[in-house]
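See structure below.
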Amino acid sequence: MPADLLVFDMDGVLVDVSESYRETIRQTVFNFTGGEITNRDIQDLKNQGGWNNDWRVAHHFVLCAGVEVSYEQVVEYFQRIFFGADGSAGLIRRERWVAAPGLLERLALRYQLAIYTGRIRPEVSYTLARSAPGLRFHPIITTDDVARSKPDPEGLLRIAELVPGRKLWYVGDTLDDARCARAAGAPFIGVAAPSNPRAAELARLLRQEGALAVLDDVNQLEAVLP
């Protein structure tokens, strides 16, 4: 029988982004507004659902501060900070790979590993080449590959089409991930890291959306998979 597909979101699941994406949001908002936001502020917004896109998150906080800046201007500045520009090191280099050595290799003996992420493809490629060069994820679906982002199930359904006849599991860390999985008819396993300032609330929301389990981090995954 063909192996099930184990599909991972990246941010907050495979990668700790508290010093990369989250810090980029904070720096972008400060650049345009001069005001500080916290990781708690960001998580409060994400826990509402519909805020999977970090560019939109940053733009939202800028507009809420009463500063009229275009979305495109926010994206341009965000990417300069995140990926680096003019010789400066991008905050993407501060990311920390969460999966312990051997975990994904063991899972790959039982499942076909895949990724569905809200990242753009160059960011996915950079992180995998830097942190997991020996692992094979297939298919990899990014925000570049879909017309409708999470919580719409388009990305997971695209994976199901590319690898037909397989049961698909999704591992994610946001309300949008959980709703995406439910809409695609895929079992969902949530992650709510204790370091998250709204971890208890997030875990409760993920369970309400049908999560089969909510983990502290991806290294607990083997204990809950069949």
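Checking ALA199, ALA186, ALA181 one by one, the residue that is more than 15 Å from the chain's Cα centre (by Cα) and either basic (Lys, Arg) or more than 20 Å from SER18 (Cα to Cα) (or both) is ALA186 and no other.
In region 2-61, what residues are acidic (Asp, Glu), farther than 18 Å from ASP152 by Cβ and in a loop (DSSP other than H, G, I, E, B)? Residues satisfying the conditions are GLU19, GLU36. Comparison of SER88, SER18, SER70 shows that the only residue that is among the hydroxyl-bearing types (Ser, Thr, Tyr) and under 21 Å from ALA200 (Cα atoms) is SER18. Residues in region 1-40 that are buried (at least 16 other Cβ atoms within 10 Å of the Cβ) and among the acidic types (Asp, Glu) were compared, and the one that is nearest to PRO164 (Cα to Cα) is ASP4. Here is a list: VAL98, VAL62. Which entry is without any contact (Cβ under 8 Å) to a residue 40 or more places away in the chain and not charged (D, E, K, R)? Just one listed residue meets the conditions, VAL62. When region 147-168 is filtered for residues that are in a loop (DSSP other than H, G, I, E, B) and of a type outside the set (Val, Ile, Thr), the ones remaining, listed by number, are ALA147, ARG148, SER149, LYS150, PRO151, ASP152, PRO153, PRO164, GLY165, ARG166, LYS167.
Give me a count of the residues in region 62-87 that are among the aliphatic types (A, V, I, L, M) and either in a helix (DSSP H, G or I) or touching a strand residue (DSSP E or B) at 6+ places or on another chain (Cβ under 8 Å) (or both). Qualifying residue count, region 62-87: 5. In the set GLU209, GLU222, only one residue is surrounded by fewer than 18 Cβ atoms within 10 Å (Cβ to Cβ) and either at pLDDT 95 or above or over 16 Å from TYR111 (Cβ atoms) (or both); that residue is GLU222. With the requirement that a residue be part of a helix (DSSP H, G or I), surrounded by 16 or more Cβ atoms within 10 Å (Cβ to Cβ) and charged (D, E, K, R), what does region 112-135 give you? GLU123 - this is the single residue of region 112-135 that is part of a helix (DSSP H, G or I), surrounded by 16 or more Cβ atoms within 10 Å (Cβ to Cβ) and charged (D, E, K, R).
Return the residues of region 184-212 that are small (Gly, Ala, Ser) and under 23 Å from ARG40 (Cα atoms); say none if nothing qualifies.
GLY190, ALA192, ALA193, SER195, ALA199, ALA200, ALA203, ALA211
Is at least one residue of region 139-155 assigned by TED's automatic domain parsing to the domain that holds GLY12 and closer than 18 Å to LEU103 by Cα? Among the residues of region 139-155, not one is assigned by TED's automatic domain parsing to the domain that holds GLY12 and closer than 18 Å to LEU103 by Cα, which makes the answer no.
The values are calculated or read from the model by the stated rules, or taken from the named source; none is laboratory data. All of these numbers come straight from a predicted model, not from anything done at the bench. Cβ coordinates were reconstructed from backbone atoms using ideal geometry, including for glycine residues, and neighbour counts include every protein chain displayed.
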